[in-house]
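The values are calculated or read from the model by the stated rules, or taken from the named source; none is laboratory data. Just so we're clear, the structure is a prediction, and the values are computed from it rather than from any experiment. Every residue, glycine as well, gets a Cβ built from its backbone with ideal geometry; the counts of neighbours run over all protein chains shown. The accessibility values were calculated without ligands, DNA or RNA, using every heavy atom of the protein model including side chains. Shrake-Rupley method; radii C 1.70, N 1.55, O 1.52, S 1.80 Å.
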Amino acid sequence: MMPTLLPSEHIALHLLLWPSLLMAMAWLVATLLRSSAQQRASANSTTILVEQINALLPQTQCGKCGHPGCLPYAKAIAAGEPINHCPPGGPQTINALAQLLADLPQPLDPAHGSHEEERVAVIREDECIGCTKCIKACPVDAILGAGKVMHTVIASECTGCDLCVEPCPVDCIDMVVVSNNSATWPLPEAEPHPRLLQEIC
Amino acid sequence: MLFGRRHSIPNKLRLSKVTGGIQIPSRKELSLRSRIMPTPLPAQLIIPLQQVGADSAIPVVAVGDTVRKYALLAGSESDAVVPVFAPASGTVIALHQQHITVAANRQASIECLVLQTDTGGDESLALSGHDYRQLSPEDLCSLLASAGIIDTETASKDTQSLATLLTEARKTNVELLVINGIESDPYMSSEAAIAREYAEAVIQGAAILQVATGATRCAIAISANQQESRAALQSALSGSSIELIAAPDQYPAHDLGLVIGGLTRSTPATVNHGVNQGVLGLAMHTALAASERISNGKPCTSRITTITGMATQTPKNFCVPLGTPVKHLLALCGARDIAATTVVSQSALNGYAMQSLDEPIAQWHAGFIASAEDELANPQEPEPCIQCGHCITVCPRPLQPNQLLALTIKRDWQQLQQSGLADCIECGACAYVCPSHLPLLQTFRAGREELQLRQHGMQRSNYWQQRFNAHQTREAQEKTQQLEAQRLRKEQANAKAEPGFSRQQARSEIADAVARVKARRLASDKAATGTGKSGHSGEEQ
Ligand code: SF4
Ligand code: SF4
Ligand code: SF4
């Protein structure tokens, strides 16, 4: 049986109950709002992250990472795939990605290939039969030609992805190392004067 | 551009001291004591064919050919490639790749042509000049563009072909043309010597370039402390609309960015070789070469170069046929024991020690210092930065060299970009004053190169990304087009039959017709059996 309440107890009950009820409701509304905002923000920050990752990838579009192009791999990294699957980027890209994602730099995964010098595709033009197979394979439309006439690679457009080499039925495409013959000034060693760094920073 | 004047170039042109900068005692007197000397021809000239940019000029002569002085040796259809002319008559004895130091202080393997000079007289092509006042700006431009002239910013930070600069100037409606004859390096005196001895030609060249670029005003800038050169220019200028500007005696007053900033009284962010804020700056050498080209018809095959330093006995300025080996000139100056001396190219403050004295002199070589022991500061073991701030005080740009050094060593490229490493003009003032002998300039050079490479890589990968996106869009489009075409073909096949006409209907109609014929035949057969069979069979035949 309910105990009868004195008028003073009644008032006290009201005073206690209502504010707490109101506060609970306010808290509920706030949490709901916050979580939806968070969801939206996280969707937003994922796209930004994907963009940042994509900017660090070499854009060779070779597919060696197992994705059809660099952007899909950027999305996969954002979703948690390891950062060491891009051979054209090599250690430099891996280090930059590690820095961005506060991850540990790791060696390139050999399952995806090895990091090589920069190359471009060159067609041995007298051997080309004009089959157009390489044109279809090129991800950046760097090959010029038409059915049954000689094809050629526009060197300045070629990313060096080597996707055109495999489809060629007469094997007339070579990947040639881009020669960079100008010697530049050497950067000082990372820490030539350990004392100096300490003093500066 | 649409509304006429865009830039505010003051009516009175003057250059005041830049913030920062240093005072260095001049040693120009060494080489200014004698007049400009013609160079006795060396036995061989080595002529680099790739002078500006990434492309080589294509040789039009072969090994074994004999050529006359001023004959075209190599050329190209592109404006960006500078043609090369024979600085002397002789025989082409080789065309090969050779390692030489190019304009941006880099070593590179470059296609070179080796010319064995004639021992007898120097046989030259017959050339004829024009009066520039009778030529249109277009004619002047095409004559100048085909003369093989390279414009080199003083102290050779950057080189450009005159042809590209002229095109840019005409496109951008340049207001002021500055002939930059300021030399703030303590040793180099080639510009001062040119102004002193060829004042008339320089002024004529300036006038020609003014017409060719379409600039409304033209000025010649020269260091204030070069009294003789100033006086020579002043007297040659009487009656001309070209102005004379005296630059303060301060290092690095020669820098084009600082000159343009001073003249327009603003701080140009980063100055490119070309038109900035309505001002085009060209070297005094370019003006001299332009006047030679137009008035005498001569292409650019020589330049004035300073050979100086305490290790030479008779330092002086030479008029050098391009391709002359450095050691040939050093020998002419009586340099003692050249194998053991350090020869510094370009500048005492931001030049570099030559690796080989067989290197040929090119249009960007302002001069060489054969230094005696202790004449120039020897590299010393660097010590920790003591945060004295001297480098910040002397830096002519708003930079903090000590911080830039720390950032470059850390390879923090993003921060470096924000801190303005790209704005460093590589003047070397900071390294000159640093009490800890820190290799500030050398570090910045390396860092700036790396930064440029990175930017280039960025641009390239952005471009590839665009191409890839375009490729995908095109593929998607082709796919939809294919589907569309298939659909259309089907529809057309259907539409060939007239509307409301189906096969079913056609078949039934044919069946009807056959039935009708059969019925008629049956009827006529019946009639024939009545009247006689022959009538029907005759009808049938
Ligand atoms: S391996 Fe690297 S370059 Fe090749 S598609 Fe993948 S991310 Fe792009
Ligand atoms: S930081 Fe660059 S611009 Fe400044 S003083 Fe040093 S070299 Fe010159
Ligand atoms: S001048 Fe040298 S020691 Fe002084 S702050 Fe600059 S880098 Fe440091």
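In the set (1) polar (S, T, N, Q); (2) at the interface with chain A (Cβ under 9 Å from one of its Cβ atoms); (3) more than 24 Å from A:Asn95 (Cβ to Cβ), the condition left unmet by B:Thr393 is number (2). Checking the condition more than 9 Å from ligand 1 (Cβ to nearest atom), aliphatic (A, V, I, L, M), within 12 Å of another protein chain (Cβ to nearest Cβ) and under 15 Å from the mean Cα position of the chain (by Cα), which residue from A:Ala98, A:Ala55, A:Ala76 passes? Among A:Ala98, A:Ala55, A:Ala76, only A:Ala55 is more than 9 Å from ligand 1 (Cβ to nearest atom), aliphatic (A, V, I, L, M), within 12 Å of another protein chain (Cβ to nearest Cβ) and under 15 Å from the mean Cα position of the chain (by Cα). Quick check on A:Glu81: is it among the acidic types (Asp, Glu), open to solvent by 40 Å² or more (accessible area, probe 1.4 Å), more than 16 Å from ligand 2 (Cβ to nearest atom) and touching a strand residue (DSSP E or B) at 6+ places or on another chain (Cβ under 9 Å)? Spelling it out, it is not the case that A:Glu81 is among the acidic types (Asp, Glu), open to solvent by 40 Å² or more (accessible area, probe 1.4 Å), more than 16 Å from ligand 2 (Cβ to nearest atom) and touching a strand residue (DSSP E or B) at 6+ places or on another chain (Cβ under 9 Å). Looking at the range A:1-14, which of the residues that are surrounded by fewer than 10 Cβ atoms within 10 Å (Cβ to Cβ) and of a type in the set (A, V, I, L, M) is modelled with the highest pLDDT? Taking the candidates together, the pick is A:Leu6.
In the range B:66-86, the residue that is most open to solvent (accessible area, probe 1.4 Å) out of those that are part of a loop (DSSP other than H, G, I, E, B) and closer than 13 Å to B:Ala145 by Cα is B:Glu77. Filtering the range B:416-437 to residues that are within 12 Å of chain A (Cβ to nearest Cβ), free of Cβ contacts under 8 Å to residues at least 60 places away in the same chain and near ligand 2 (Cβ under 10 Å from one of its atoms) leaves only B:Cys434.
On the basis of being within 13 Å of another protein chain (Cβ to nearest Cβ) and under 26 Å from the mean Cα position of the chain (by Cα), does B:Ser461 make the cut? For B:Ser461, the condition - within 13 Å of another protein chain (Cβ to nearest Cβ) and under 26 Å from the mean Cα position of the chain (by Cα) - is met. Of the residues making up the range B:270-284, those that are out of contact with any helix residue (DSSP H, G or I) (no Cβ under 7 Å at 6 or more places or on another chain) and either part of a helix (DSSP H, G or I) or open to solvent by 10 Å² or more (accessible area, probe 1.4 Å) (or both) are B:Asn272, B:His273.
Selection of the range A:126-172 for residues being more than 14 Å from every other protein chain (Cβ to nearest Cβ), part of a strand (DSSP E or B) and either within 16 Å of ligand 1 (Cβ to nearest atom) or closer than 21 Å to A:Gln59 by Cβ (or both) yields an empty set.
If you go through the range B:396-415 and keep only what is open to solvent by less than 20 Å² (accessible area, probe 1.4 Å), more than 10 Å from every other protein chain (Cβ to nearest Cβ) and more than 8 Å from ligand 3 (Cβ to nearest atom), you end up with B:Pro396, B:Leu399, B:Leu404. Considering (1) more than 12 Å from ligand 3 (Cβ to nearest atom); (2) more than 21 Å from B:Thr342 (Cα to Cα); (3) surrounded by fewer than 19 Cβ atoms within 10 Å (Cβ to Cβ); (4) touching a residue at least 40 places away in the same chain (Cβ under 8 Å), the lone condition that B:Gly447 does not fulfil carries the number (3). Are there any pairs with C-beta distances below 9 angstrom linking a residue in the range A:105-117 that is within 9 Å of A:Asn84 (Cα to Cα) and free of Cβ contacts under 8 Å to residues at least 60 places away in the same chain to a residue that is away from ligand 3 (no atom under 16 Å from the Cβ) and open to solvent by 100 Å² or more (accessible area, probe 1.4 Å), with the two at least 6 apart or on different chains, and if so which? Every condition considered, the pairs that remain are A:Pro105/A:Gln99. Does B:Ile100 qualify as being aliphatic (A, V, I, L, M), open to solvent by less than 70 Å² (accessible area, probe 1.4 Å) and at pLDDT 90 or above? Judged against the criteria, B:Ile100 is not a match.
Checking each residue in the range B:401-430 for being out of contact with any strand residue (DSSP E or B) (no Cβ under 9 Å at 6 or more places or on another chain) and closer than 17 Å to B:Cys388 by Cβ picks out B:Pro401, B:Asn402, B:Gln403, B:Leu404, B:Leu405, B:Ala406, B:Cys430. The strands (runs of 3 or more DSSP E) found entirely in the range B:293-388 that carry 3 or more residues being among the polar types (S, T, N, Q) and either open to solvent by less than 20 Å² (accessible area, probe 1.4 Å) or touching a residue at least 12 places away in the same chain (Cβ under 8 Å) (or both) are B:302-308. Just one residue in the set A:Val50, A:Val122 is away from ligand 3 (no atom under 16 Å from the Cβ), modelled with pLDDT of 90 or more and part of a helix (DSSP H, G or I); that residue is A:Val50. Looking at the range B:418-442 only, could you name the residues that are open to solvent by less than 20 Å² (accessible area, probe 1.4 Å), within 13 Å of B:Ala377 (Cβ to Cβ) and not in a loop (DSSP other than H, G, I, E, B)? Within the range B:418-442, just B:Leu441 meets the criteria.
Matching residues to (1) within 14 Å of another protein chain (Cβ to nearest Cβ); (2) of a type in the set (D, E, K, R):
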| position | (1), (2) |
| --- | --- |
| B:Ile110 | yes, no |
| B:Leu143 | no, no |
| B:Leu177 | no, no |
| B:Glu183 | no, yes |
| B:Ala192 | no, no |
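Selection of the range B:396-415 for residues being in a helix (DSSP H, G or I) and either closer than 15 Å to B:Val433 by Cα or aromatic (Phe, Trp, Tyr) (or both) yields B:Pro401, B:Asn402, B:Leu405, B:Trp413.
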